[in-house]
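Asker: Have a look at the structure that comes next, please.
The values are calculated or read from the model by the stated rules, or taken from the named source; none is laboratory data. All of these numbers come straight from a predicted model, not from anything done at the bench. Glycine gets a Cβ as well: all are built from the backbone with ideal geometry, and neighbour counts include every protein chain shown.
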Ligand SMILES: [Mn+2]
């Protein structure tokens, strides 16, 4: 595996490439052209410039998170082919720049959903949290207002003001889209892009829906192993793979995370590894990456990735806000650096433990 950090680009991120380069064991970044809108065509020049900037800092550009999918593709609108053509051209440009990993999601209206961006934990750190009760009692428009006023002045991925200004319209557009339609529209999209992925060896890695269930009555399909298996079977190509995000699948305690990883051998192209604390059904908060700080066994998650011979990029995911840092919620430097170091430590111990075992 290669340890990486997500980076939004020098215009949008409070963290610098120089800082990332100084986290021991982090050799790459996962980035995006954050100022583009879903459906835009990414020019080769912009991609080349981003890659040159990352390389000049002594880091690899290990993948893209995300190239977002236009709503017309998810809804299956008559104009979807125009946006799919843009997507294909963007993939060509990425391939020409020797970039082989693209993370994306297929969630209607909202990307990830949280009800609080700064819940205080017992140690005084603040974290993103989710309460089903809060979701059930709030209008989605009001939720956007509270999320944006709480974001330390940063634009949150998937919650861009231009997009959220149209939120009522978006709900209207999705009113006839159920789970079956979403699966069919995903299949149509994947079938269209697989030839370019084959040509340039680009691994598509779908990110799970977060939380892993329907919110505000919207359909959600990338939520559990049976649905992932259905998705991979419906377009049976190695380039049609997944981002294994422990913090997203793990929102549902019924998802057996190490078991899912083992069942997905060969099709996990990218891993987000982080921990959550489940407080009671329908209420969770993010925690430090350590097993002892949350509900997951992080050793077992890393061990499962080792057992399936995972070689792709991995990254710590949302960090707590600690040490008075002011950054995009979830995306500060300090706690993600601690997370990367911890995950690297687990990995080294697993690798050496296995070698020692094999020698006996
Ligand atoms: Mn994730």
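Asker: Any residue that is buried (at least 20 other Cβ atoms within 10 Å of the Cβ) and farther than 22 Å from residue 270 by Cβ - is there at least one of those in segment 56-63? First the steps, then the outcome.
Answerer: Restricting attention to segment 56-63, the residues satisfying the condition of being buried (at least 20 other Cβ atoms within 10 Å of the Cβ) are 59, 61-63.
Add one more test, that the residue is farther than 22 Å from residue 270 by Cβ, and what stays is none.
Scanning segment 56-63, I find no residue that is buried (at least 20 other Cβ atoms within 10 Å of the Cβ) and farther than 22 Å from residue 270 by Cβ, so the answer is no.
Asker: In segment 205-220, which residues are at pLDDT below 95 and surrounded by 15 or more Cβ atoms within 10 Å (Cβ to Cβ)?
Answerer: Applying the first criterion (at pLDDT below 95) to segment 205-220 yields 209-220.
If the condition is that a residue be at pLDDT below 95 and surrounded by 15 or more Cβ atoms within 10 Å (Cβ to Cβ), then 209, 210, 211, 212, 215, 216, 218, 219, 220 are the ones that fit.
Asker: Residues in segment 343-358: is at least one within 18 Å of the chain's Cα centre (by Cα), surrounded by 13 or more Cβ atoms within 10 Å (Cβ to Cβ) and either part of a helix (DSSP H, G or I) or modelled with pLDDT under 95 (or both)?
Answerer: Here is the first cut: in segment 343-358, the residues within 18 Å of the chain's Cα centre (by Cα) are 343.
Checking the rest, the ones that are also surrounded by 13 or more Cβ atoms within 10 Å (Cβ to Cβ) come to 343.
The next check asks that each one be either part of a helix (DSSP H, G or I) or modelled with pLDDT under 95 (or both); those that pass are 343.
Taking every residue of segment 343-358 in turn, at least one turns out to be within 18 Å of the chain's Cα centre (by Cα), surrounded by 13 or more Cβ atoms within 10 Å (Cβ to Cβ) and either part of a helix (DSSP H, G or I) or modelled with pLDDT under 95 (or both).
Asker: On to the next question. Which residues, taken from segment 154-175, are in a helix (DSSP H, G or I) and closer than 25 Å to residue 317 by Cβ?
Answerer: In the first step, residues of segment 154-175 are kept if they are in a helix (DSSP H, G or I); the result is 161-164, 167-173.
Selection gives 161, 163, 164.
Asker: While we're on this one: Take residue 320 and tell me if it is away from the ligand (no atom under 15 Å from the Cβ), under 16 Å from residue 6 (Cβ atoms) and crowded, with 22+ Cβ neighbours inside 10 Å. Walk me through it before giving the result.
Answerer: On the way: away from the ligand (no atom under 15 Å from the Cβ): yes; under 16 Å from residue 6 (Cβ atoms): yes; crowded, with 22+ Cβ neighbours inside 10 Å: yes.
When the stated conditions are applied, residue 320 passes them.
Asker: Moving to a separate point now. Can you tell me which residue within segment 176-212, out of those that are in a helix (DSSP H, G or I) and without any contact (Cβ under 8 Å) to a residue 24 or more places away in the chain, is farthest from residue 85 (Cα to Cα)? First the steps, then the outcome.
Answerer: First, pick out the residues of segment 176-212 that are in a helix (DSSP H, G or I): 179-200.
Keeping just the survivors that are without any contact (Cβ under 8 Å) to a residue 24 or more places away in the chain gives 180, 195.
Details: 180: 24, 195: 12 Å.
Here the residue is 180.
Asker: State yes or no: is residue 242 in contact (Cβ under 8 Å) with a residue 12 or more places away in the chain and within 15 Å of the ligand (Cβ to nearest atom)? Steps first, please.
Answerer: On the way: in contact (Cβ under 8 Å) with a residue 12 or more places away in the chain: yes; within 15 Å of the ligand (Cβ to nearest atom): yes.
When the stated conditions are applied, residue 242 passes them.
Asker: Since residue 67 meets every condition but one in (1) part of a loop (DSSP other than H, G, I, E, B); (2) within 16 Å of the ligand (Cβ to nearest atom); (3) within 30 Å of residue 283 (Cβ to Cβ), which condition does it not meet?
Answerer: Result: residue 67 fails condition (3) only.
Asker: Moving on to the next point. Any residue that is at pLDDT below 80, within 17 Å of residue 112 (Cα to Cα) and in a helix (DSSP H, G or I) - is there at least one of those in segment 132-141?
Answerer: Yes; the residues of segment 132-141 include at least one that is at pLDDT below 80, within 17 Å of residue 112 (Cα to Cα) and in a helix (DSSP H, G or I).
Asker: Restricting attention to segment 206-239, and to residues there that are touching a helix residue (DSSP H, G or I) at 6+ places or on another chain (Cβ under 6 Å) and under 20 Å from residue 188 (Cα atoms), which single residue is nearest to the ligand (Cβ to nearest atom)?
Answerer: Taking the candidates together, the pick is 208.
Asker: Follow-up. Would you check which residues across segment 86-100 are surrounded by 22 or more Cβ atoms within 10 Å (Cβ to Cβ) and either modelled with pLDDT under 95 or out of contact with any helix residue (DSSP H, G or I) (no Cβ under 7 Å at 6 or more places or on another chain) (or both) and list them?
Answerer: Of segment 86-100, the ones surrounded by 22 or more Cβ atoms within 10 Å (Cβ to Cβ) are 87, 90-91, 94.
Passing the criteria: only 90.
Asker: Select, from 306, 334, 299, the only residue that is surrounded by fewer than 21 Cβ atoms within 10 Å (Cβ to Cβ), modelled with pLDDT of 95 or more, away from the ligand (no atom under 16 Å from the Cβ) and closer than 29 Å to residue 202 by Cβ.
Answerer: Values: 334 fails: closer than 29 Å to residue 202 by Cβ; 299 fails: closer than 29 Å to residue 202 by Cβ.
Among 306, 334, 299, only 306 is surrounded by fewer than 21 Cβ atoms within 10 Å (Cβ to Cβ), modelled with pLDDT of 95 or more, away from the ligand (no atom under 16 Å from the Cβ) and closer than 29 Å to residue 202 by Cβ.
Asker: Can you name every residue in segment 245-267 that is surrounded by 23 or more Cβ atoms within 10 Å (Cβ to Cβ) and away from the ligand (no atom under 11 Å from the Cβ)?
Answerer: Result: 261, single match.
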